[in-house]
Amino acid sequence: MHDPPDISRRHLLGGSLALLGAAATGCALPVGLGSSKTHVQYWHFLGASDGLVMKEMVGAFARDNPDVFVEENVLAWGEPYYTKIAMAGSGGRSPDLATFHLARLAGIGAGQILDPIDVTLMEEAGLRGADFSPPIWERAHIDGVLYAIPFDAHPMVQYYNTDICGRAGLLGPDGKLRPTTGVDELIAMLTEAKKVMGGRPPLAFDALGLGTVGPWRVWWSLYPQSGGTLLSEDGTRITIDDAKALEALRLMARLGQEGLCDWRTDYGASVANFTNGQAAFLWNGDWEIAGLKERGTPFSMTRFPSVFGGHQAQADCHAFVLPHQRDRDPEVERATYRFIAHIVKNSADWAVAGHVPAYLPALERPEYLALQPQSEYRTVITEVALDPQVWFAGSASRMWIEFGEAFSPVISGERTPEEGLAAAKASLTRLLSAPNPFPDEER
């Protein structure tokens with residue numbers, strides 16, 4: 001593995017993202033077309049700091065592999081992206097490679113829209129299944145067939161304002177947040193922060209707004225800690241444990257009712273409140289690092305609190321997939337696996353943007369361990385709470401949005417936890433009864 005250039009991290013984390021993008025732009029232009037280079041077409045949805053880090057990594061691959069040209073095509077994130085992948089894959093005229101959310105794997109037609117991973121070529125390129133986080137590697141399979149090569153996890157984490165927490169006496173001698181275990185310790189921590197903030201809600205997360213998914217992500221971090229599940233392994237039956245589910249929802253309701261979180265914030269407001277020192281804590285995905293550093297917020301990060309016994313945190317994962325092609329060029333295919341292996345093995349560079357490498361050897365690299373605060377929450381990689389493997393789950397999915405709609409009023413006090421759970425279960429029942437656009441018999 002090659003150490004990432006110092007200038008990359010300095011620019012990324014210091015706010016000069018545009019300069020880094022300009023430095024790497026040449027590697028993303030089709031300068032290799034018409035030459036003797038092997039041409040690999042790569043689609044992804046990575047924007048902002050994620051996109052700039054990926055552009056630099058593609059450039060690093062180009063410098064080490066002058067015989068291969070990787071053409072990046074950046075598409076809009078969310079449903080439009082997966083629609084384009086489905087359309088391209090159904091016609092068999094796809095890019096050679098695409099970035100994917102792992103939770104979307106079951107809902108995109110593995111075996112139809114996506115082609116299986118050639119394990120022999122993967123291993124030839126130097127990647128082994130044993131080197132990946134076990135739960136993430138397992139989720140990359142459908143019916144025992146590997147359809148994705150994991151790249152990272154982006155879990156729910158706890159950001160904390162070091163100035164506010166210092167004044168509240170919540171930091172240890174090492175300057176890091178003292179860990180909390182259980183409901184009482186979590187409430188005590190938030191209460192102390194609230195005192196020094198003059199009674200302002202100390203916790204921010206995406207709790208309100210059209211299409212909000214924050215309540216789902218918080219609940220899916222809390223509820224699995226007590227061993228709760230959502231669906232049976234085959235994805236056909238609801239297996240929610242009402243007592244455990246309500247325990248998590250009652251905590252969420254308590255946070256709102258006792259003024260420990262601001263239930264009026266949407267995603268943008270929650271990030272803004274934390275960025276501007278109007279919240280002591282932010283529960284969010286790990287991707288806000290670059291913006292907070294750029295704006296000079298005094299902060300650090302740690303794992304999502306352990307409240308109900310376990311240490312799980314809601315997470316999705318970026319992965320590499322092969323959209324369906326009628327005929328793969330063997331030379332291009334081998335070059336594609338070389339590129340995947342290069343990116344995965346150098347995923348400590350990718351962690352600059354906040355995500356946790358799914359490739360376990362990367363977590364031990366000195367350059368990764370030196371990343372602060374990114375390396376502080378790395379142990380979550382084997383305790384991620386992933387979505388059930390069903391077609392209607394995953395990032396930007398109806399399940400996330402509908403659970404968000406069910407639970408948001410619980411936080412604000414407009415709905416009881418029991419009513420919120422009933423609404424979520426009714427939504428889940430509807431989703432289970434809806435036709436699967438990629439039924440098993442068509443595979």
Fill in: In the range 140-170, residue most open to solvent (accessible area, probe 1.4 Å) [restricted to those that are in contact with a Leu (Cβ under 9 Å, 6 or more places away or on another chain) and assigned to a helix (DSSP H, G or I)]
Thr162
Response to the item:
Every listed condition ((1) open to solvent by less than 20 Å² (accessible area, probe 1.4 Å); (2) under 28 Å from Asp329 (Cβ atoms); (3) hydrophobic (A, V, I, L, M, F, W, C)) holds for Val119 save (1)
Worksheet item: Right, Ser397: out of contact with any Phe, Trp or Tyr (no Cβ under 7 Å at 6 or more places or on another chain) and over 23 Å from Arg264 (Cβ atoms) or not?
Response: yes
Practice prompt. Among the residues of the range 122-139, write down those that are open to solvent by less than 10 Å² (accessible area, probe 1.4 Å) and either of a type in the set (Gly, Ala, Ser) or without any contact (Cβ under 8 Å) to a residue 12 or more places away in the chain (or both).
Written response: Ser133
Item to complete: Scan the range 407-423 for residues that are within 14 Å of Trp216 (Cα to Cα) and in contact (Cβ under 8 Å) with a residue 60 or more places away in the chain and jot them down.
Response: Phe407, Ser408, Val410, Ile411, Pro417, Gly420, Leu421
Fill in: Any helices (runs of 4 or more DSSP H) falling wholly within the range 296-414 and containing at least 1 residues that are under 30 Å from Gly166 (Cβ atoms) and in contact with a Lys or Arg (Cβ under 9 Å, 6 or more places away or on another chain)
347-350, 366-369
Practice prompt. Could you check Thr265 against (1) crowded, with 22+ Cβ neighbours inside 10 Å; (2) under 22 Å from the mean Cα position of the chain (by Cα); (3) not in a loop (DSSP other than H, G, I, E, B) and say which number it fails?
Written response: (3)
Worksheet item: If a residue has to be over 16 Å from Gly309 (Cβ atoms), open to solvent by less than 50 Å² (accessible area, probe 1.4 Å) and more than 17 Å from the chain's Cα centre (by Cα) to count, how many in the range 213-242 make the cut?
Response: 6
Discussion item. If I filter the range 415-429 down to residues being polar (S, T, N, Q) and outside any loop (DSSP other than H, G, I, E, B), which single residue comes out as least open to solvent (accessible area, probe 1.4 Å)?
Written reply: Ser427
Discussion item. Whether any residue in the range 69-81 is of a type in the set (Asp, Glu), open to solvent by 60 Å² or more (accessible area, probe 1.4 Å) and modelled with pLDDT under 95 is what I want to check.
Written reply: yes
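The values are calculated or read from the model by the stated rules, or taken from the named source; none is laboratory data. Since the structure is predicted, the reported quantities are computational estimates derived from the model, not experimental observations. When we count neighbours, we look across all protein chains shown, and the Cβ atoms used for this are built from the backbone with ideal geometry, even at glycine. Ligands, DNA and RNA are stripped out before the accessible areas are found, and what is left, the full protein with its side chains, is counted by its heavy atoms. Shrake-Rupley method; radii C 1.70, N 1.55, O 1.52, S 1.80 Å.
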